[in-house]
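The values are calculated or read from the model by the stated rules, or taken from the named source; none is laboratory data. In this text the structure is predicted, and so the values were computed from the model without any measurement. Cβ sites come from the backbone with ideal geometry, for glycine too, and all protein chains shown count toward neighbours.
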Amino acid sequence: MSTLIAIIIGALVAAGVYCLLRRSLMKLVIGIALLGQAVNLLVFSANGLKSANPPLIEASAKTLAEGTADPLPQALVLTAIVIGFGLISFSLALMGVTYQKTGHDDIDALTNTDT
């Protein structure tokens, strides 16, 4: 199972870098989103994938039971998803304004707009 997750993470990183190297602003935003999801999956799977016991503390216990999933990577990934959503929405808004001002989304053509 961990080999499959590693392959998926590698494919997401490869697709994200490929999209980042394209000339279109929309593909740039898609590349940022793909890299963000790859990092989220990497953080989530770094602790090991455990689905047997949820990270809940019973009323009489003071700590987590043995063999439960670590809640810290789950909290980090949840926070990263929210931050990634904000980054993508800001990037889309910035891309929309750039498209309205210049009339195209080609990154190479944006160097001629500094007049």
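Things to note:
- Among the residues of the stretch 1-35, the ones that are touching a residue at least 40 places away in the same chain (Cβ under 8 Å) and outside any loop (DSSP other than H, G, I, E, B) come to 9 in all.
- Restricting attention to the stretch 62-115 and to residues that are outside any helix (DSSP H, G or I) and in contact with an Asp or Glu (Cβ under 9 Å, 6 or more places away or on another chain), the residue that is surrounded by the most Cβ atoms within 10 Å (Cβ to Cβ) turns out to be 64.
- Each residue in the stretch 57-115 was checked for being more than 18 Å from residue 25 (Cβ to Cβ) and among the hydroxyl-bearing types (Ser, Thr, Tyr), and 5 pass.
- Breaking point among (1) in a helix (DSSP H, G or I); (2) touching a Lys or Arg at 6+ places or on another chain (Cβ under 9 Å), for residue 38: (2)
- Within the stretch 34-74, restricting attention to residues that are under 20 Å from residue 9 (Cβ atoms) and among the small types (Gly, Ala, Ser), the residue that is modelled with the lowest pLDDT is 51.
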